[in-house]
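Asker: Questions regarding the structure given below will be posed in turn.
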Amino acid sequence: MEKIIRKQMFELIDTDYQKFSAALIPTINNVLGVRLPELRKIAKKIAKGDWRTYLKTAKDEYFEEIMLQGMVIGYIKTDIEERLFYVASFVPKIDNWSVCDSFCTGLKSTKENKERVWAFLQPYLSSKNEYEIRFGVVMLLNYYI
C-alpha cells in the first residue's frame, strides 16, 4: 500500500510549490511539494479503506507522508478512544508548525468529545517538548476558546 501511495505523491509533485512550502518551513528539508488539497484527496480514500494497516505501515521519510498520516487520523470513522490512540502515536512525529496546525484542524471529532479530549490534552500542555505543547495549545485554540 505504501508504495502505491508514495507513487501517487511523486506524480503530484509541484516544484514551484515545493520551493514555496520549503521556504515557509525552514526547519525541515524533506518537502516533496504536494499541495494539501491533493493530500486530502488521498487521505479520504485511505480513510475509507484499510486505514489501520496504512497507519501501522506508513513511512515518515517525507513531510507529505507525515502530513498524510495526520489527515487520515482526522478522517477515519471510529470511536474517540481508538482515535486518541492514533493521535497519541502521531504527536511524536510532529516536528514543525505546519503538520501540527493541520493535524489539529482535522481533529473535528473533538467537538463531540470535548470532556474526553480535554483530559487527553492535559499532559501535552505541561510537556517539555515544543511541538507537544504546541499541539495542546492549538487544540485549545481550535476547539475550546
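Asker: Out of (1) in contact (Cβ under 8 Å) with a residue 12 or more places away in the chain; (2) over 29 Å from Phe20 (Cα atoms); (3) under 16 Å from the mean Cα position of the chain (by Cα), the odd one out for Tyr144 is which?
Answerer: (3)
Asker: Further question on the same structure: Restricting the search to the stretch 101-126, which residues are in a loop (DSSP other than H, G, I, E, B) and either at pLDDT below 95 or within 14 Å of the chain's Cα centre (by Cα) (or both)? Steps first, please.
Answerer: Taking the stretch 101-126 and keeping what is in a loop (DSSP other than H, G, I, E, B), we get 107, 113, 126.
Selection gives Leu107 alone.
Asker: Continuing with the same structure: What is the residue count in the stretch 1-17 for residues that are surrounded by 17 or more Cβ atoms within 10 Å (Cβ to Cβ) and either within 19 Å of Arg83 (Cβ to Cβ) or without any contact (Cβ under 8 Å) to a residue 24 or more places away in the chain (or both)?
Answerer: The qualifying residues number 1.
Asker: Something else: Do you know which residues across the stretch 52-89 are of a type in the set (Ser, Thr, Tyr), buried (at least 17 other Cβ atoms within 10 Å of the Cβ) and touching a residue at least 40 places away in the same chain (Cβ under 8 Å)?
Answerer: Tyr54, Tyr62 - these are the residues of the stretch 52-89 that are of a type in the set (Ser, Thr, Tyr), buried (at least 17 other Cβ atoms within 10 Å of the Cβ) and touching a residue at least 40 places away in the same chain (Cβ under 8 Å).
Asker: Here is a check on your reading of the model: is Arg83 touching a Phe, Trp or Tyr at 6+ places or on another chain (Cβ under 9 Å), at pLDDT 95 or above and not hydrophobic (A, V, I, L, M, F, W, C)? Lay out the reasoning, then the answer.
Answerer: Values: touching a Phe, Trp or Tyr at 6+ places or on another chain (Cβ under 9 Å): no; at pLDDT 95 or above: yes; not hydrophobic (A, V, I, L, M, F, W, C): yes.
Against the criterion (touching a Phe, Trp or Tyr at 6+ places or on another chain (Cβ under 9 Å), at pLDDT 95 or above and not hydrophobic (A, V, I, L, M, F, W, C)), Arg83 does not qualify.
The values are calculated or read from the model by the stated rules, or taken from the named source; none is laboratory data. The structure presented is a predicted model; accordingly, all values stated were derived computationally and were not measured. Cβ sites come from the backbone with ideal geometry, for glycine too, and all protein chains shown count toward neighbours.
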